Amino acid sequence: MDYTATQSGFRQRKLQPDMRLRNSSVDGTDGSQLFEDTSAAASGSQTGYSNQQAGLQAAGFPSLSDPMSNLAMAYGSSLASQGREMVDKNLDRFIPISKLKYYFAVDTVYVGKKLGLLVFPYMHENWEVSYQQDTPVAPRFDVNAPDLYIPAMGFITYILVAGLALGTQNKFSPELLGVQASSALVWLIMEVLAVLLSLYLVTVNTDLTTIDLLAFSGYKYVGMIVGVVAGLLFGKPAYYLSLLWCCAAIFVFMIRTLRLKLLSEAAAEGRLVRGARNQLRMYLTMSIAAAQPIFMYWLTYHLIR
């Protein structure tokens, strides 16, 4: 160890130039270092990103910062919005979605009253649809207004009940259930088309629309469900009794509802009006009402054994 003499006479130890501080390391691999040097990693990631961008450009993909790609994206979005508007216009022309909202404007009170009216229409007196500024009020405000909620739910429930009835006979299969649903739907469409053709041939000026006819024709599913469920629970005699009651109820319901739409004002009020055209309207009303019990029996008799 080297010592140097000072002016005061004391000797002082000469420090070595390669002495290291306690608990420190020059190479920076010790865990006591407070901050890591991330400059190399950052430069590596930037180099990788630039290489990735260069690879995409070499493969034919435009850079995200390219103004032409941004312009192309904006043009593509504008074309998509225009196509969507065109589809909405054409769809609304064939399927009036805005009008369909009216037929589904129902609530629980309306559904309960309407179901009661379909099963027991004999005590109901006022069958006219209420209007507000030449526009019919929503079904939830008028029990006489047609709706599509009950026919749609009735159709679905009828298919489910039919599947249950086929299951009790050990005949259930997805194919057979599909045949049941498709046949019921085809008969419904044929019925509506036949009524439209009859109205055209008779030249009846009425405010009935195709959706109105679809709604009135779909109300028979309520009686069909009642008949099938009664038959499953209490046997065939209960099926015939309940179906007979529901057939009579739907006949009265259709007569009292359609006479205000198809017959003249005087005939709708119950006064005798002579005339060939008015007799044709009366026969047409009776035919539409009489067709409902026929379809109800045709679509349910094979479900009860």
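The values are calculated or read from the model by the stated rules, or taken from the named source; none is laboratory data. Note that the structure is predicted; figures quoted are calculated from it, not measured. Here Cβ is always computed from backbone atoms with ideal geometry, including for glycine, and neighbour counts include all displayed protein chains. Remember, those area values only see protein heavy atoms, side chains included, never the ligands or the DNA or RNA. Shrake-Rupley method; radii C 1.70, N 1.55, O 1.52, S 1.80 Å.
Would you please give the FRET efficiency between TYR301 and GLN132, computed as 1/(1 + (r/R0)^6) with r the Cβ-Cβ distance and R0 = 45 Å, to the nearest 0.05?
Working: r = 44 Å, r/R0 = 0.97.
Step by step, r from the Cβ atoms, then E = 0.55.
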Task: Paramagnetic label zone (point 7 Å from Cα along Cα-to-C-beta, GLN169; backbone N under 13 Å) in region 214-245 - done: 228, 232, 236
- [ ] Note down the nm distance, to one decimal, between modelled labels 7 Å out along Cα→Cβ at ILE156 and at LEU79.
- [x] 3.8
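Please give the contour-minus-distance gain from ALA290 to MET190: 0.36 nm per residue of separation, less the Cα-Cα distance, rounded to one decimal in nm. Before the final figure, lay out each step's value.
Values: separation 100, 0.36 × 100 = 36.00 nm, distance 1.54 nm.
That works out to 34.5 nm of additional length.
Could you put TRP127, TRP245, TRP187 in order of accessible surface area, largest first, with the 1.4 Å probe and the full protein assembly present? Write out the running numbers ahead of the final one.
Working: TRP127 20, TRP245 115, TRP187 90 Å².
Descending order: TRP245, TRP187, TRP127.
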Open item on the list: Taking loop as defined by DSSP and a crowding limit of 11 other beta carbons within 10 Å, which GluC sites (Glu not before Pro) in region 110-205 fit?
Closed with: GLU125, GLU128
Open item on the list: Using only the alpha carbons of region 162-253, what is the convex hull's orientation-averaged projected area in square nanometres?
Closed with: 7.0
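I'd like to know how region 97-301 sits against the 2.2 N^0.38 Å rule of thumb: what's its Cα Rg over that expected value? Let's see the in-between values first.
On the way: Rg = 17.6 Å, N = 205, 2.2 N^0.38 = 16.6 Å.
Normalised Cα radius of gyration, region 97-301: 1.06.
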TODO: Enter the Cα centre distance for the pair region 144-196 and region 279-305, rounded to the nearest angstrom.
DONE: 15
